[in-house]
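The values are calculated or read from the model by the stated rules, or taken from the named source; none is laboratory data. On a predicted model such as this, the values are computed, not experimentally measured, just so you know. Cβ sites come from the backbone with ideal geometry, for glycine too, and all protein chains shown count toward neighbours. The accessibility values were calculated without ligands, DNA or RNA, using every heavy atom of the protein model including side chains. Shrake-Rupley method; radii C 1.70, N 1.55, O 1.52, S 1.80 Å.
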Amino acid sequence: MRRCVSVFLLIIFSVRIASITVSGVSSASETEKSVYSSHDNESRKIAITFDDGPHPRYTAEILDILAEHGAHATFFIIGDNAKNYPDILSRIQKEGHEIGNHTYLHRNLQKTTPDIIRKQILDAEQTILELTDQRTKLLRPPGGLYDQKVCDTARSLDYEVILWTIDTKDWTHPTVDEIVEKVEANIKTGDIILCHDFIGGGSTPTPDALRRIIPDLTREGYEFVTVSELIHSK
Ligand SMILES: [Zn+2]
């Protein structure tokens with residue numbers, strides 16, 4: 001089981017490496033094939049993830065939509081935002097979603113030292129622990145930016161590093177149609193979808209996109225589960 005998880009994470013890393021065109025690591029086609037081979041199951045499990053919250057309005061709106069459809073998700077929380085919006089964090093937990101660590105201040109971990117990486121992870125962990133009585137075990141590096149020292153530090157703290165396979169780029173304020181088309185045209189079993197529940201610069205298209213994506217994909221037989229359930233399923 002442990003080996004399976006490691007393979008899957010490696011695949012997720014590879015997707016990101018391919019998408020930011022660091023050469024010589026992996027091709028998109030190889031990655032895609034590997035994702036299928038790791039999660040070729042009948043259950044059609046997928047994971048939707050939300051970064052940067054909690055947000056007092058948008059996280060609540062997203063939680064309402066998830067509840068309406070019986071879907072579960074993973075929220076990668078910024079420690080500083082958790083401190084500011086503890087009630088929203090508590091609601092995420094109470095409604096059965098998974099809480100991941102998105103560091104305390106959302107710094108670029110590639111551009112800092114192992115000591116600061118460690119502090120950013122542990123400060124967020126401690127804040128979330130105090131508010132939920134639950135220790136985080138999944139890390140999403142801010143911006144998906146990582147290197148070997150980020151991975152080594154995360155592993156030394158017993159974290160699994162989680163990236164994504166479909167990026168909605170919702171933080172760039174695309175239209176609802178653009179998000180829906182991107183997700184629905186590319187979705188496959190085992191995918192991890194990246195969204196944000198805290199977006200600056202005006203209104204967000206994400207809730208309205210979810211109002212279409214979740215029922216559409218549910219009708220197609222997909223099941224929205226937490227990242228941990230996805231990566232630990234066979
Ligand atoms: Zn982020």
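What the table below lists for this structure:
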item: Long pairs among Lys94/Lys169; Lys45/Lys83; Lys94/Lys188; Lys45/Lys149; Lys119/Lys169; Lys45/Lys137, criterion Cα-Cα beyond 26 Å; result: Lys94/Lys169; Lys45/Lys83; Lys94/Lys188; Lys45/Lys149; Lys119/Lys169
item: Percentage relative contact order, the stretch 44-232, counting C-alpha pairs under 8 Å, at least six apart; result: 32
item: Heavy-atom accessible area per residue - the stretch 44-232, 1.4 Å, Å²; result: 41
item: Accessible surface of the stretch 44-232, 1.4 Å probe, proportion on carbon and sulfur as whole %; result: 47
item: Cα shape, the stretch 117-176, gyration tensor, a/c 1.5 rule; result: oblate
item: Size of electric dipole in the stretch 65-153: Cβ of Lys, Arg +1 and of Asp, Glu -1, about Cα centre, debye, nearest 20; result: 240
item: The stretch 44-232: C-alpha gyration tensor shape, a/c 1.5 cut-off, then a/b vs b/c; result: prolate
item: Extended-chain gain in nm, criterion 0.36 nm per residue less alpha-carbon gap, Lys169 and Lys188; result: 5.0 nm
item: Net lengthening on full extension, Leu122/Leu157 (0.36 nm per residue, minus Cα-Cα); result: 11.7 nm
item: Anisotropy class of the stretch 99-208 from Cα gyration tensor, a/c 1.5 cut; result: prolate
